[in-house]
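Laboratory data are not the source of any read-out in this text; all were calculated from the coordinates shown. Owing to the predicted nature of the structure, the values given are computational and were not obtained by experimental measurement. So basically every Cβ, Gly included, is an ideal-geometry build from the backbone, and we count neighbours across all protein chains shown.
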Amino acid sequence: MTRFRCLAGDCEATCCGGGAVPVERSTHRRLTVLAEPDAEAQELLANGIELTPDGPDFARIRFLASGDCSMLDGAGLCRVQSKFGHDALFEVCATYPRYINEIDGEVELFGTLSCPEVARLALLSDDGFELETA
């Protein structure tokens, strides 16, 4: 994971599809405030986020019939990130495919093989499964 770099729009299988991405109330509020002066940004949020008052989450990202995230532009890049920056991303989007786990005071960073670039790094590198202390 120390060598991992997201390929973004150049990736053959975007991570932005086919799932249920929760939107926290605080993230939704922050994005709503950021979008206030920009009608295009307001429309992006209105069309891209579905409030789910009866669901387990405050809201969720809407996905297209194709399974792709409704927040992607034509080049496969996130319009939330391009408009507001990395800090404005939804938690899942900001961290995927990275996962952090703490065991006995040690923090582990690892990646999921559902990401094509993580899979390449793990499976095609001689040291792909070796632990590295950082």
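Quick test for you: out of E24, E12, pick the one residue that is in contact with an Asp or Glu (Cβ under 7 Å, 6 or more places away or on another chain) and in contact (Cβ under 8 Å) with a residue 60 or more places away in the chain. If you could, list the steps in order and put the result at the bottom.
Values: E12 fails: in contact with an Asp or Glu (Cβ under 7 Å, 6 or more places away or on another chain).
Exactly one residue qualifies, and that residue is E24.
Can you pull out the residues in the range 19-56 that are loosely packed, with under 12 Cβ neighbours inside 10 Å, within 24 Å of G67 (Cβ to Cβ) and within 18 Å of the chain's Cα centre (by Cα)?
Listed by number, the list holds a single entry, N47.
Within the range 113-124, count every residue that is outside any helix (DSSP H, G or I) and closer than 11 Å to F4 by Cβ.
Residues of the range 113-124 outside any helix (DSSP H, G or I): 113-115.
Those left that are additionally closer than 11 Å to F4 by Cβ: 115.
Qualifying residue count, the range 113-124: 1.
So if I check each of T52, T32, which one is more than 17 Å from A88 (Cβ to Cβ) and of a type outside the set (A, V, I, L, M)? Please lay out each step first, then the result.
On the way: T32 fails: more than 17 Å from A88 (Cβ to Cβ).
Step by step, each of T52, T32 is checked, and only T52 is more than 17 Å from A88 (Cβ to Cβ) and of a type outside the set (A, V, I, L, M).
Go through the range 1-18 and give me each residue that's of a type in the set (S, T, Y) and buried (at least 16 other Cβ atoms within 10 Å of the Cβ).
Keep residues of the range 1-18 that are of a type in the set (S, T, Y), which gives 2, 14.
T14 - this is the single residue of the range 1-18 that is of a type in the set (S, T, Y) and buried (at least 16 other Cβ atoms within 10 Å of the Cβ).
Tell me which residues, restricted to the range 84-134, are surrounded by 15 or more Cβ atoms within 10 Å (Cβ to Cβ) and in contact with a Leu (Cβ under 7 Å, 6 or more places away or on another chain). If you could, list the steps in order and put the result at the bottom.
Within the range 84-134, the subset surrounded by 15 or more Cβ atoms within 10 Å (Cβ to Cβ) is 84, 88-90, 92-93, 96-98, 111, 115-119, 121-122.
The answer is F84, A88, R98, E117, A119, A122.
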